[in-house]
Amino acid sequence: MKLESFWQATAPAFHGVAPGSLPSRADVVVIGGGFTGVSAALSLARSGLDVVLLEGGEVMSQASARNGGHCNTGVAQNFASLVASQGIEKATRFYRAYDDAVSYVEQLVRNEQIDCDFRLCGKLKLASKASHFAGLREAWELMRRTVDPDIELLDQVAIRREVNSDAFHGGLLQKRGGQMHMGKFGVGLAEVAARSGAKIFPHHAVTGLTRLDGYRHRVQTAKGEILADKVLMATGCSNVGPFRWFQRRIVPVGSFIVVTEPLGEALIRQVLPQDRTYVTSLNLGNYFRTTADRRLVFGGRARFAVSNPTSDSRSGEILQATMASLFPALAQARIDYCWGGMVDMSADRLPHAGEHDGVFYSMGYSGHGTQMSVWMGAVMADLIAEKSNRNPWQRDAWPALPGYHGKPWFLPLAGLYYKAKDRFS
């Protein structure tokens, strides 16, 4: 079992590194080489701006290439809960933003001819307990009246035609869900951005960020500094670097994934006849999908802990046992890859994007960022280039979490809380 991301291990190398040393200035400096940053750099370059992207490690080395590989409609919250907290108008706008994001990714893959195994296959949310089916029914009734007339509610009989397991009591099918190879997509997108004129500098971690006036900043790295007319923060968790304001608002939460050996078409069809993307209804639930070479990618918040080799390995053992309990036919399947990644969780589990103290930002995707981050890169690029403002996540205020200063000391307590909720739900 390799303790590395399957997406990174099987992606092509990135060849678009900018030649030479860091330039002295740029129209825009983008901090972060994941989906948001690279997508923004592409759009900014095509708008005729001189854009420099700074990444602390390799391009696409963090959450963008360490996730479950889903590209779905739907926010992190249950839609009925979102309506209750935000109102129907705002909840509808948020939901449709995710639908727009899936369409944008699909369009990018097609127009730029990015070879990443993209396909629309539908997302199925599975009721892990009989009591959870009532909540899915409530969401189905509300969503088909408002945002998704094609959504389907599947009872316990119908769900067995979708998933060959005794563990589920029904499901909610959203037909616009999709999947792709995240490493291939990310590297392909970065190559397109570099060819379009974006200057991409891996291994240039930002060590200092000083506001000069207006939007202008001095951006410092260990390999030199650069003056930027505007700056876009696209760093996900933001837990490394001089980003104190963001660190008090984003909680890095570990999520963990295993990938099996190739299982073969017959076994895949036996276990998952319709071959979609799947997520269970538990708070500490699981998400899974297949790959083009017929593996199963199986993930979840196995432990409320940060990601490191020891934590990843322990979480992998939990995930393997859970997979075998849900799908006994896979009990003997070998695990080839195991890894973890940090989710940039916000308190309301919604993205946040806008401008603070002269710095533009987009982050807080809360585990639903593979599509939204790509789309928001383009949205923020248009805002920075003064072409349009389509940002659905601008809020009047983004308060810091009380008692939180960047170290998630409360994660074990949160884990106990959600375990209790799952047990008694």
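Taken together, the values in this text are just the output of simple stated rules run on the coordinates, not laboratory data. Keep in mind the model is a prediction, meaning the values are calculated, not measured. For neighbour counting, all protein chains shown are included, and Cβ atoms are generated from backbone atoms with ideal geometry for every residue, glycine included.
General remarks:
- At R0 = 56 Å, FRET efficiency that the Cβ-Cβ distance of R137 and T207 yields, to 0.05: 0.60
- For region 257-273 versus region 1-39, the gap between their alpha-carbon centres in whole angstrom: 31 Å
- Max mean-square fluctuation residue, GNM over the chain, Cα-Cα springs under 10 Å, options E106, E89, E162: E89
- Between A266 and S388, the simple spin-label model (points 7 angstrom out along Cα→Cβ) gives 5.2 nm.
- Computed [θ] at 222 nm, helices only, for the chain once each DSSP H run of length n ≥ 4 contributes -39500 (n - 2.57): -10000 deg cm²/dmol
- Calculated FRET efficiency for the pair R25/Q332, C-beta based, R₀ 51 Å, to 0.05: 0.30
- Angle in degrees between helix 132-146 and the longest Cα principal axis of the chain, rounded to the nearest 10: 60 degrees
- Centre separation in Å (Cα based) which lies between region 56-129 and region 220-253: 24 Å
- Between helix 309-326 and the chain there is an angle of about 30 degrees, using the helix long axis and the longest principal axis of the Cα atoms.
- Taking one quarter of the surface of the C-alpha convex hull of region 299-391 gives a mean projected area of 8.5 nm².
- Listed values (i) 1.04; (ii) 0.96; (iii) 0.98, entry calculated as Rg/Rh (Cα atoms, Kirkwood Rh): (ii)
- Alpha-carbon centroid distance for the pair region 278-295 / region 174-204, whole angstrom: 23 Å
- The modelled label-to-label distance between L413 and A84, using points 7 Å beyond Cα along the C-beta direction, is 2.3 nm.
- Residues H181, H405 arranged by fewest to most Cβ contacts within 10 Å: H405, H181
- Modelled spin labels at Q274 and D115, positioned 7 Å past Cα toward Cβ, are 3.2 nm from each other.
- Computed over region 340-425: relative contact order in percent, which uses C-alpha pairs under 8 Å that are six or more apart: 23 percent
- Among A205, A414, A353: highest mean-square fluctuation, GNM of the chain, C-alpha pairs under 10 Å: A414
- For region 129-198, averaging the sequence separation of C-alpha pairs within contact (under 8 Å, six or more residues apart) and dividing by the residue count gives a relative contact order of 28 percent.
- Ordered by the number of other Cβ atoms lying within 10 Å of each residue's own Cβ, fewest first, K421, K230, K175 fall into the sequence K421, K175, K230.
- Most mobile of G74, G340, G224 in a GNM of the chain (Cα contacts under 10 Å): G224
- Legend: distances between Cα atoms for K90/K407; K90/K419; K90/K421; K2/K175; K199/K230; pairs beyond 24 Å are K90/K407; K90/K419; K90/K421; K2/K175.
- Per-residue Cβ neighbour rank within 10 angstrom, fewest leading, T291, T10: T10, T291
- Acute angle (nearest 10 degrees) that the helix 182-195 long axis makes with the longest principal axis of the chain, alpha-carbon atoms: 20 degrees
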